[in-house]
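The structure under discussion appears below in the form of structure tokens.
The values are calculated or read from the model by the stated rules, or taken from the named source; none is laboratory data. Being a predicted model, the structure only gives us computed values, none of them experimental. Every residue, glycine as well, gets a Cβ built from its backbone with ideal geometry; the counts of neighbours run over all protein chains shown. Protein only, heavy atoms only, side chains kept; ligands, DNA and RNA dropped before computing areas. Shrake-Rupley method; radii C 1.70, N 1.55, O 1.52, S 1.80 Å.
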Amino acid sequence: VHVAESGGGLVQAGDSLRLSCEATGSTLGFNAMGWYRQPPGKQREWVALITDSGLTNHADSVKGRFTISRSDTNDTVYLQVNSLKPEDTAVYYCYAVVSGFMHWGQGTQVTVSS
């Protein structure tokens, strides 16, 4: 399983972005996909997930601003990030859970200037 993110960049506070993540390869037994992020100098933190049945959940710190969704083909997930704040600056990592194993992408940098 190969996971690849895209859509990061340098934005100003209050701007929006849509991050994309595509999972390719053997996704039989797909369980869920989601996002983590790692701010500079801090530990990686969970952001959101969407299950194979379409259930979603978001971290309290991003509820109301971030929304996870997926494509009709279920192999791509999106993270709509609105009202960005400087503290949202981080490398955003996508993951796919397939048959209980987590597969990670390389990450995409989001930098929010004040």
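Points to keep in mind about this one:
- Projecting the Cα atoms of Thr108, Ser69, Ala59 onto the charge dipole of the chain, computed from C-beta unit charges around the Cα centre, puts Ala59 farthest toward the positive end.
- Per residue, in Å², the accessible surface of the chain once ligands and nucleic acids are set aside, probe 1.4 Å: 52 Å²
- The spacing between the range 1-36 and the range 46-86, judged by their C-alpha centroids, is 9 Å.
- Here the convex hull built on the C-alpha positions of the chain has a volume of 91 cubic angstrom per residue.
- Where a label projected 7 Å from the Cα of Ser6 along Cα→Cβ would reach, residues of the range 70-114 with amide N under 19 Å: 70-81, 92-96, 104-111
- Share of carbon and sulfur in the accessible heavy-atom surface of the chain [1.4 Å probe, %]: 48 percent
- Summing +1 for each Lys or Arg and -1 for each Asp or Glu among the other residues whose beta-carbon sits under 12 angstrom from that of Asn82 gives +2.
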